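To keep things clear, I will list the structure first and then write my remarks on it.
Each value in this text was obtained by applying a stated rule to the coordinates, not by laboratory testing. Note that the coordinates shown come from a computational prediction; the quantities given were computed from them, not determined experimentally. With ideal geometry, Cβ positions are generated from the backbone for all residues, glycine too; neighbour counts draw on all protein chains shown.
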Amino acid sequence: MPTHVPRFAHRAQSPAWYWGRLVLLLVACASGCATYDNRLTKIREAFSTGDIDGAYSAIDSGSKHWGGNDHDVLKLERAVVDLAAGKPQDAEHELREVRDRFDALEGPALGEKALSMLTDANRKAYAGEDYEKVLIRAFLAISNLMGSGEDANAYALQVADKQQQIILAGADAEGKNPKLSYKGVAMGAYVHGLLREETHSNFDDVERCCTLVCNWEPQFPYGQTDLDRAKHGHHSAPGNGVLYVFTLVGVGPHKEETAEIASTVSLLIADQILSAIGPQTLPPTIAPVKVPKVVVTPNDVTSIGVAVDSRPAGRTATITDIGRMAVEQYDAIYPRVIAEAVVRRVVKKAVIFGAKEAMGTAKDSWAGLGLDLLGIAWEATEAADTRCWGLLPDKIQVLRLELPAGQHTVNLQSLGATGYPLGHMATQQVTIINGRNTYMLANYPYYNVVGQILTSQQPTPPPISSQGNGESKQSARPTTVR
């Protein structure tokens, strides 16, 4: 007597069963949690209110629970917190690791790219936006200035060098290159110039750097003064030294998820055409194409007022507008971002179409309708990749002051557009050395300083060509980019 085999066992071996399980598995893999922008809220809130321990705790929690693909960007957040916590060496270490990791990820990763086409862009290791790759070098220079200073010059040179590499690699197969519109980043040239000036020689290099700063950041009000000083070969008067007050001002750019309406309409038309003329229907496009968009938060603080020994000394000015840089660069490549989202949507539709063909489902059948519903759910699970360096400031600002050698009391206070004080006054002692540079760094995401005000206090001049961490084996001349 033949053994009885349940009916469901026959169905379990059918092509329809395998294809159904495959599509269900892909939908399950695509389903994710909240976007990085939402998960980052706790870190931002803790940091902006001055809760350094809370920011560290939120970052540690993210590293533990969010998955390996977010670890690099969380290291960038930690580096900013490290600077505010008075640990520039730790910040430099984190930044170097992410810089090298992002460089390695610029090569092909076909497996990750294929998986992201079946899920969403969050499945790929985050390789950084172009502006972030450049700013890592700028923050490395700042961190090193506040520490040993040995590699600050090399990091400064890397700012323009990386920008140039990114631009040259931006051409597509047709030779179109939207990255040619990227503007130079003045921070690297500025740091290179101030280090060359401290040698009390090499003023031709200083003049070139000041010229680049004036060209790349024409709104920087102290650019022409710096250029005039370089032309006269002057660092400081005998008995004086120079204080550079660097400030990280405002809440920087971040990414938000948005729906690309134009692409959604185009896909809906494509669905209707293919469904009308083809042997199978395609899942109707109900879920919009989701893409990230760089957003800049409005900031009330426009500069930081500086007083030395109770006398007003000036106000910081923007040497690098990070918010503007991020928006301009991302807008230039935005069509490519949309194109990748469209390709991802088409790939998913092709999988559903292939499943119907392999299963031999009739047009408008219940099986076909079921796969259409799975296709709709699959597309709806997409989430835009909103990973970004969320604790970047809106602007990097600086004020150069020539002061008599000796100890001084420096007061800092955030200012609004009209110069009206917005926050509490913060105070730091600083020692100025004859003929030398001294550096100060303060973080102002909102009205009041967050964490510590750092000072460099280096006993000997930082060498222009040193071994350090192996960063200084580069040309002493800044790279020229558009």
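Counting Lys and Arg as +1 and Asp and Glu as -1 over every other residue whose Cβ lies under 13 Å from the Cβ of Arg137, the net charge comes to -4.
Spacing of the modelled spin labels on Gln407 and Ser61, each 7 Å from Cα toward Cβ, amounts to 4.2 nm.
Remark: spin-label model distance Asp53-Ser201 equals 5.1 nm, labels positioned 7 Å along the Cα→Cβ axis. A cut-off under 10 angstrom between Cβ atoms defines the neighbours of Tyr334, and their net charge, with Lys, Arg +1 and Asp, Glu -1, is 0. The protection proxy used here, the mean number of other Cβ atoms lying within 10 Å of each residue, ranks peptides 195-201, 232-238 as follows, highest first: 195-201, 232-238.
Extension gain for the segment Glu328 to His93, taken as residue separation times 0.36 nm less the Cα-Cα distance, is 81.7 nm to one decimal. Summary of the geometry: the range 34-98 and the range 384-449, compared by the centres of their Cα atoms, lie 21 Å apart.
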